[in-house]
Amino acid sequence: MQAVAGLALLLLVAMAARGLALLLFLPLLRRVRTRARSWPTDVLLHDDVLRRMARVLPSLVVQLGVERVPHLDATFATVVGNVAMAFMALQVVRALMAMLDAMLQLQQQGGRHEGAQAAAHKARSIKSYVQLGKLVLMLAGAVVTVASLMDRSPLIVLSGLGAMSAVLMLVFKDTILSFTAGVLLTSNDMLRLGDWIEMPQVGADGDVVDMALHTIKVQNWDKTITTIPTWRLMSESYKNWRGMSEAGGRRIKRTLRLDASSVRFLDEREMARFAQFELLKPYMAAKSVAVEAANTQARAALGDKAELLANQRRLTNIGTLRAYVEAYLRAHPGIHQGMTLMVRTLEPTPEGVPLELYCFTANTAWVAYEGTQGDIFDHLLAILPEFGLRLYQSPSGNDLRLGLAQQGAAA
């Protein structure tokens, strides 16, 4: 009866110790955390950490007091002490895991930084490190718990695990690969939360929303989620669009396919008309002087042969269009003027003569980018008849009907 009463009193004291810690010390430590307002105190004195550390006290009280219970069998006292030790190891591991969770939560909130520093701090995910730390803590806690219950040294349990190292390496193969890949991705700044990545081989094209130990989650533009094993991002190639966002310009590379039969030389009347275009005034003025000088030299060198149009230098409607498009882009407020800007004609194809625009918008947001690109090409499509040019378009059924009707009317 004395042994039972002693055990009951010991359990009562153990629970009272936990209650006093929660009632007295928890509010005090909260005030210390609030006044300090530092990164270590926010982690070490987090509410979850403090509550789990308070659960260590009952086990500690039982271990210290079990030997003082009168008339208690020594073997039973040893078993109770070992169980209390195992329970304490479990609670210490849980407290350390809560500390890691608090560290991750603080990092995801930007820490104590503000503005751009907070955004950069949140972009560097430490979730993979936290998950690896939890895994190590669970393994260590399991070893200590088993050793306590067996009343053996943890080194003996570890030596037994050493004989199973090959099996453990096989079981944790993906974990080791993923952790190594995560370290390389983070240390080399190859991937951050919020990056837009494109990995066609796994069907990923969207923003990185989660970086864990084993997986990277990408939210595609259709709002689906693609989960990629972390190690694949090191063993396979992918495209990261972060450089485009940081550069401040998004590329436009698109062609207008012009009908080759509409390309021709300009006559004097058309040159005079184009000289009145505000965007073409500098170009036409410079080209008129250059053409006149070249033709003057031709007349002096060739004599009467210089009257042939083939021996004269003349401007073309497609060349004038190139100059107009370039001037239009340089005057457009939505085009980044500090990056490459070029208008060129590519090799003619059976689908026409490609006129390619190569430039960068001043806004990298998707909607604004598409709006700017649409405005530019809407204008260019509408201005083509002014230059006597037309787009190439494959004959449709309606084109064939109109052609046959005109042929029938002519007949």
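Has region 8-21 got at least one residue that is modelled with pLDDT of 80 or more, out of contact with any strand residue (DSSP E or B) (no Cβ under 6 Å at 6 or more places or on another chain), closer than 22 Å to Asp101 by Cβ and surrounded by 13 or more Cβ atoms within 10 Å (Cβ to Cβ)?
Within region 8-21, one or more residues are modelled with pLDDT of 80 or more, out of contact with any strand residue (DSSP E or B) (no Cβ under 6 Å at 6 or more places or on another chain), closer than 22 Å to Asp101 by Cβ and surrounded by 13 or more Cβ atoms within 10 Å (Cβ to Cβ).
Close Cβ contacts (under 6 Å, 6 or more residues apart or on different chains) running from residues in region 234-246 that are in contact (Cβ under 8 Å) with a residue 40 or more places away in the chain and in the same structural domain as Asp195 (by TED's automatic domain parsing) to residues that are surrounded by 10 or more Cβ atoms within 10 Å (Cβ to Cβ) and assigned to a helix (DSSP H, G or I) comprise Met234/Ala181; Met234/Leu184.
Which one of these does Leu329 not meet: (1) surrounded by fewer than 18 Cβ atoms within 10 Å (Cβ to Cβ); (2) of a type outside the set (S, T, N, Q); (3) within 19 Å of Arg251 (Cα to Cα)? (1) is the only condition that Leu329 fails.
For region 223-239, the criterion of being surrounded by fewer than 16 Cβ atoms within 10 Å (Cβ to Cβ), at pLDDT below 90, touching a strand residue (DSSP E or B) at 6+ places or on another chain (Cβ under 9 Å) and under 26 Å from Leu100 (Cβ atoms) is met by none of the residues. You will find that of Arg37, Arg18, the residue that is at negative phi and in the same structural domain as Leu137 (by TED's automatic domain parsing) is Arg18 and no other. Just one of the listed residues (Phe360, Phe377, Phe387) is closer than 13 Å to Leu258 by Cβ and not hydroxyl-bearing (Ser, Thr, Tyr), and it is Phe387.
Could you list, in sequence order, all residues of region 271-284 that are surrounded by 11 or more Cβ atoms within 10 Å (Cβ to Cβ) and either in a helix (DSSP H, G or I) or in contact with a helix residue (DSSP H, G or I) (Cβ under 6 Å, 6 or more places away or on another chain) (or both)? Show your work before the answer.
Step one: of region 271-284, the residues surrounded by 11 or more Cβ atoms within 10 Å (Cβ to Cβ) are 271-275, 277, 279-284.
Of everything in region 271-284, those that are surrounded by 11 or more Cβ atoms within 10 Å (Cβ to Cβ) and either in a helix (DSSP H, G or I) or in contact with a helix residue (DSSP H, G or I) (Cβ under 6 Å, 6 or more places away or on another chain) (or both) turn out to be Met271, Ala272, Arg273, Phe274, Ala275, Leu279, Leu280, Lys281, Pro282, Tyr283, Met284.
Kindly indicate whether Phe87 is of a type in the set (Phe, Trp, Tyr), over 30 Å from Lys173 (Cβ atoms) and at pLDDT 80 or above. Yes, satisfied. Of all residues in region 344-375, exactly one satisfies the criterion of being surrounded by 19 or more Cβ atoms within 10 Å (Cβ to Cβ), of a type in the set (Val, Ile, Thr) and more than 24 Å from Ser245 (Cβ to Cβ), namely Val353.
Here are Leu389, Leu302: which of them is outside any strand (DSSP E or B), in contact (Cβ under 8 Å) with a residue 40 or more places away in the chain and touching a helix residue (DSSP H, G or I) at 6+ places or on another chain (Cβ under 9 Å)?
Numbers: Leu302 fails: in contact (Cβ under 8 Å) with a residue 40 or more places away in the chain.
Exactly one of Leu389, Leu302 is outside any strand (DSSP E or B), in contact (Cβ under 8 Å) with a residue 40 or more places away in the chain and touching a helix residue (DSSP H, G or I) at 6+ places or on another chain (Cβ under 9 Å), namely Leu389.
The single residue among Pro27, Pro40 that is assigned to a helix (DSSP H, G or I), over 21 Å from Gln109 (Cβ atoms) and without any contact (Cβ under 8 Å) to a residue 40 or more places away in the chain turns out to be Pro27. Here Ile252 fulfils each of the conditions (1) assigned by TED's automatic domain parsing to the domain that holds Gly338; (2) more than 32 Å from the chain's Cα centre (by Cα); (3) crowded, with 17+ Cβ neighbours inside 10 Å; (4) among the hydrophobic types (A, V, I, L, M, F, W, C) apart from (2).
Can Arg251 be described as part of a strand (DSSP E or B), in contact (Cβ under 8 Å) with a residue 40 or more places away in the chain and under 29 Å from Thr361 (Cα atoms)?
Working: part of a strand (DSSP E or B): yes; in contact (Cβ under 8 Å) with a residue 40 or more places away in the chain: yes; under 29 Å from Thr361 (Cα atoms): yes.
Judged against the criteria, Arg251 is a match.
The values are calculated or read from the model by the stated rules, or taken from the named source; none is laboratory data. Small disclaimer: the values here were computed from a predicted structure and weren't measured. Using ideal geometry, Cβ is built from the backbone for each residue, glycine included, and neighbour counts are taken over all protein chains shown.
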